[in-house]
Amino acid sequence: MNKIILGVLGSGKGSNFRAIADWIQLKNEKVEIALVVSDVQDAGILELARSRRIPAMYLPPGKFKTKLEPEVESQIAKLFKEAGVNLVVLAGFMRILKGPLLEAFPKRVINIHPSLLPKYPGLEAWKQALNAGETVTGCTVHYVDEGIDSGEIIASAEVNVYGNDTPGSLHARIQEAEHVLYPMVIDWFAKGEDWQYSEETQITQDL
Ligand code: GRF
């Protein structure tokens, strides 16, 4: 087993970060979280990290709305390298990465998205699935590239859509699946497994 040292990037409440941190605490000594960085000063993810005594840092993202200032992205890459990070985990990070971080961590930046990609990339994917009348949606862990939720798929989990679902209820059910899927994929990295996306890496979540 390789020791996996995570650098986490997030902009929001941090429920995926919490699920990963809980899973590490309970059952995985081969994974640790070295640093959490957010582009949002009062993001819940920073609070959660600090309450667990995990180094956490706010970095002002710069003048763009959907990406980071290139210098800021380089700075994050440098901070992660200095912290010994070998797997970058996006957990609700709301900006597109444009180069420096991806170049510094080739095939080592992953994201979780609340749909069965390649369907419904972008914002509020659960709402897109609901509006399209899907009866099954889910979440996907994928490698990050310079596009929007377009990198190579690693694994996905299905979630049923019910007739009485609201966007809120569906999103909550998808998040429960995310909290199972993301630690599972990180565990694969820790085990150094040589896997490829296939029918078998699509798990069905009965929630
Ligand atoms: C998740 O639904 C994830 O799929 C998307 O952003 C959300 C982050 O939620 N990329 P949280 O901050 O982990 O609670």
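A few points about this structure:
- For the chain, with +1 on Lys and Arg beta carbons and -1 on Asp and Glu, the positive-most of His142, Ala83, Ile154 along the dipole: Ala83
- Taken as entire DSSP H runs, the helices of the chain that both span 20 Å or more between Cα atoms along their own long axis and average -0.5 or more on the Kyte-Doolittle scale are 167-191.
- Each Lys and Arg adds +1 at its Cβ and each Asp and Glu adds -1 at its Cβ; summed about the Cα centre, the chain shows a dipole of about 660 debye.
- Charge dipole of the range 1-80 about the Cα centre (unit charges at C-beta), most positive-ward option of Gly12, Leu26, Ala43: Leu26
- Volume of the convex hull of the range 61-153 (Cα atoms only), normalised per residue: 85 Å³.
- Longest to shortest principal axis, alpha-carbon extents of the range 34-73, angstrom: 31, 18, 11
- Compactness of the chain, expressed as Rg and Dmax over alpha-carbon positions, Å: 16.3, 49
- Evaluated with a Cβ-only charge set (Lys, Arg +1; Asp, Glu -1), the range 1-94 carries a dipole of roughly 160 debye about its Cα centre, given to the nearest 20.
- By the helix-only formula, in which each DSSP H run with n ≥ 4 contributes -39500 (n - 2.57) and the sum is divided by residues, the chain has a 222 nm mean residue ellipticity of -10500 deg cm²/dmol.
- Residue pairs exceeding 26 angstrom between C-alpha atoms, taken from Lys3/Lys65; Lys30/Lys107; Lys30/Lys98; Lys13/Lys63: Lys3/Lys65; Lys30/Lys98.
Bear in mind these aren't lab numbers, they're just calculated from the coordinates by the rules spelled out. What you are looking at is a predicted structure, and each value in this text was computed from that prediction instead of being measured. Cβ sites come from the backbone with ideal geometry, for glycine too, and all protein chains shown count toward neighbours.
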